[in-house]
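Chemist: Questions regarding the structure given below will be posed in turn.
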Amino acid sequence: EAMDNAPSAIRAWSEGMRAERRARSALLSEVEAALAKGQIQPWYQPQLCTSTGEISGVEALVRWMHPQQGIVPPARFLDALHDSGRLDQLSEAVLHHSLTALRNWDAEGLHIPRVSINLSDVELRNPRLVDRLKWDLDRFGFPASRLGIEVLETVIAESSVGIIARNISDLARLGCRIDLDDFGTGHTSIGALRKVTVHRLKIDRSFVTRIDRSEDQRRMLAAVLGLADRLGLETVAEGVESSGEHALLAQLGCDHAQGFGIARPMPAPQLAEWAREHALHIAEAQKLGRGNR
Ligand code: C2E
Ligand code: MG
Ligand code: MG
Ligand code: MG
């Protein structure tokens, strides 16, 4: 082999590359088998309206229930699916699970207005995406307004024209609510925001953390909220970890909040349990509020 003459450092490097490639393809086939067996399913994290405290929606966040390793977070397997172009299978599973969960919550009399799923650039490039989603919504008998789509800011930053922008606009026209995810971490120009239909800015956790302790951080967030307001976009803060942060978000005029400080992502039945208790808390608080007046 030609490599036999190469310096040993290069030989070691190419050996490492080969090992990495083997590990990646092993992971990929394991993920695909897990998908087929239904071991990969979303958990759900609630989002609250900051003014009423009511649940405004839930976000579907995928988890791999690994028989040996336990719960595997998406960071460990999304890249493998992404790079092989197999994300469509994942999003199909996530969508079905989400619509089934929504149907069950409705049947239990819970008020969960909407479930949001995360779509990557791979799915957003699929010319059949909108038809597929519409077909599934129809099959479940849901209006598109019950489904939210989260798109990373970096995805629209790189593609303000073309198929991705067209798919997003078609989904918006269908009635899906479009959230720009991790806003503030990409480089969206205001021009790109005008070309792609977006309803809400989902403000990245890095702008939300410690707003109750840092004046600089607070000013930064206020600026982002001001921008959203001028553009006529709603806002949701992600990564709300403390009650101090939550309270300040309401004061600063952020519309919705999501984070470990409110609730962690959880399986669909637990989310139902949580929503029921949360509704009782709100009713209780409203009664107290009236009593004080
Ligand atoms: P994301 O869409 O920005 O989701 C928010 C992430 O932050 C989730 O991590 C969530 O568990 C975590 N999080 C929520 N509240 C807090 C908090 O208060 N503090 C901290 N430190 N973290 C919080 P997760 O579930 O590990 O997901 C990571 C990313 O993976 C997601 O980021 C999303 O981009 C991607 N992802 C998840 N599910 C899917 C999916 O079904 N399809 C695609 N394409 N991507 C997905
Ligand atoms: Mg998201
Ligand atoms: Mg984020
Ligand atoms: Mg996010």
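Chemist: Return the distance in nm (one decimal) between the two label points of a simple spin-label model at GLN89 and HIS111, each offset 7 Å from Cα along Cα→Cβ.
Modeler: Each label point is offset 7 Å from its Cα along the Cβ direction, giving 4.1 nm.
Chemist: Probe 1.4 Å, all protein chains in place: accessible area of ILE71 in Å², nearest 10?
Modeler: Surface open to solvent at ILE71 totals about 90 Å².
Chemist: Would you mind checking region 131-163 for residues with the amide N under 11 Å from a putative spin-label position 7 Å along Cα→C-beta of THR52?
Modeler: No residues fall inside that zone.
Chemist: Among the lysines, which fall within straight-line cross-link reach of LYS134, defined as a Cα-Cα distance under 25 Å, with same-chain neighbours fewer than 8 residues apart omitted?
Modeler: LYS195, LYS202
Chemist: Additional query: Which Rg and Dmax, in Å, describe the Cα atoms of the chain?
Modeler: Rg and Dmax of the chain, Cα atoms, are 21.4, 87 Å.
Chemist: What's the Kirkwood radius of region 138-262 in Å, using all Cα pairs? Kindly include the intermediate steps, with their values, before the conclusion.
Modeler: Values: mean 1/r = 0.0663 Å⁻¹.
Roughly 15.1 Å, rounded to one decimal.
Chemist: What is the local net charge at TYR44, summed over the other residues whose Cβ is closer than 12 Å to its Cβ (Lys, Arg +1; Asp, Glu -1)?
Modeler: Values: positive: ARG63, ARG114, ARG264; negative: GLU59, GLU273.
Result for the local shell: +1.
Chemist: Further, regarding this structure: Tell me the mean residue ellipticity at 222 nm calculated for the chain from its helices only (DSSP H runs of n ≥ 4, each -39500 (n - 2.57), averaged over every residue, nearest 500). Don't skip to the end; give the middle numbers.
Modeler: Values: 12 runs with 152 residues, N = 293.
Calculated mean residue ellipticity at 222 nm is -16500 deg cm²/dmol.
Chemist: Can you figure out the FRET efficiency of GLU158 with LEU288, using R₀ = 30 Å and their beta-carbon distance, to the nearest 0.05?
Modeler: Details: r = 50 Å, r/R0 = 1.65.
About 0.05, to the nearest 0.05.
Chemist: Let me ask another. Using 15 Å as the cut-off for backbone N distance, which residues of region 78-95 belong to the label zone defined by a point 7 Å from the Cα of GLU30 along Cα→Cβ?
Modeler: 78-81
Chemist: Follow-up question, since we're still on this one. What number does region 114-176 give for Rg over Rh if you use C-alpha atoms and the Kirkwood radius?
Modeler: Values: Rg = 11.3 Å, Rh = 11.8 Å.
Value, to two decimals: 0.95.
Chemist: Turning to a different aspect of this structure: Averaging sequence separations of C-alpha pairs under 8 Å and six or more residues apart, then dividing by the length of region 219-273, give the relative contact order as a whole percent. Kindly include the intermediate steps, with their values, before the conclusion.
Modeler: On the way: 43 pairs, mean separation 18.7, N = 55.
After rounding, I find 34 percent.
Chemist: Calculate, for region 211-293, the solvent-accessible area per residue in square angstrom, rolling a 1.4 angstrom probe over the heavy atoms of the protein chains. Present the calculation step by step, with values, prior to reporting the outcome.
Modeler: Values: 4900 Å² over 83 residues.
I get 59 Å² per residue for region 211-293.
Chemist: With +1 on each Lys and Arg Cβ and -1 on each Asp and Glu Cβ, how big is the dipole of region 1-147 about its Cα centre, in debye rounded to the nearest 20?
Modeler: Numbers: 17 positive and 19 negative charges, 22 e Å.
Once rounded to the nearest 20, the dipole reads 100 debye.
Chemist: Report, to the nearest whole %, how much of the accessible area of the chain belongs to carbon and sulfur atoms, 1.4 Å probe, protein only. Spell out each step's value before the answer.
Modeler: Numbers: 7950 of 15190 Å².
Exposed carbon and sulfur together represent 52 percent of the surface.
Chemist: Any chance you could check the Cα centroid distance between region 1-71 and region 227-248 for me, in angstrom?
Modeler: About 30 Å separates the Cα centre of region 1-71 from the one of region 227-248.
Chemist: Taking Cα atoms of region 192-287, Rg/Rh with Kirkwood Rh, to two decimals? Let's see the in-between values first.
Modeler: On the way: Rg = 15.1 Å, Rh = 14.7 Å.
That ratio equals 1.03.
Chemist: Per residue, what volume in Å³ does the Cα convex hull of region 1-140 take up? Walk me through the numbers on the way to the answer.
Modeler: Working: hull volume 24.9 nm³, N = 140.
Value for region 1-140: 178 Å³ per residue.
Chemist: I would also like to ask the following. Determine the gain in length on full extension of the stretch GLU273-LEU78; use 0.36 nm per residue of separation and subtract their C-alpha separation, reporting nm with one decimal.
Modeler: Working: separation 195, 0.36 × 195 = 70.20 nm, distance 2.88 nm.
Difference between extended and current length: 67.3 nm.
Chemist: Do any GluC sites (Glu not before Pro) in region 28-66 lie in a DSSP loop with no more than 16 other beta carbon atoms within 10 Å, and if so, which?
Modeler: Sites meeting the loop and neighbour criteria: GLU54.
Chemist: Still on this structure, I have one more. Place a +1 charge on the Cβ of each Lys and Arg in the chain and a -1 charge on the Cβ of each Asp and Glu, then give the dipole magnitude about the Cα centre in debye, rounded to the nearest 20. Walk me through the intermediate numbers first.
Modeler: Numbers: 35 positive and 39 negative charges, 98 e Å.
In total the dipole reaches around 460 debye.
The values are calculated or read from the model by the stated rules, or taken from the named source; none is laboratory data. Quick caveat, the model's predicted, so the values are computed rather than measured. A quick note on method: Cβ atoms are made from the backbone with ideal geometry, for glycine too, and the neighbour counts reach across all protein chains shown. Accessible surface areas use protein heavy atoms only, side chains included; no ligands, DNA or RNA. Shrake-Rupley method; radii C 1.70, N 1.55, O 1.52, S 1.80 Å.
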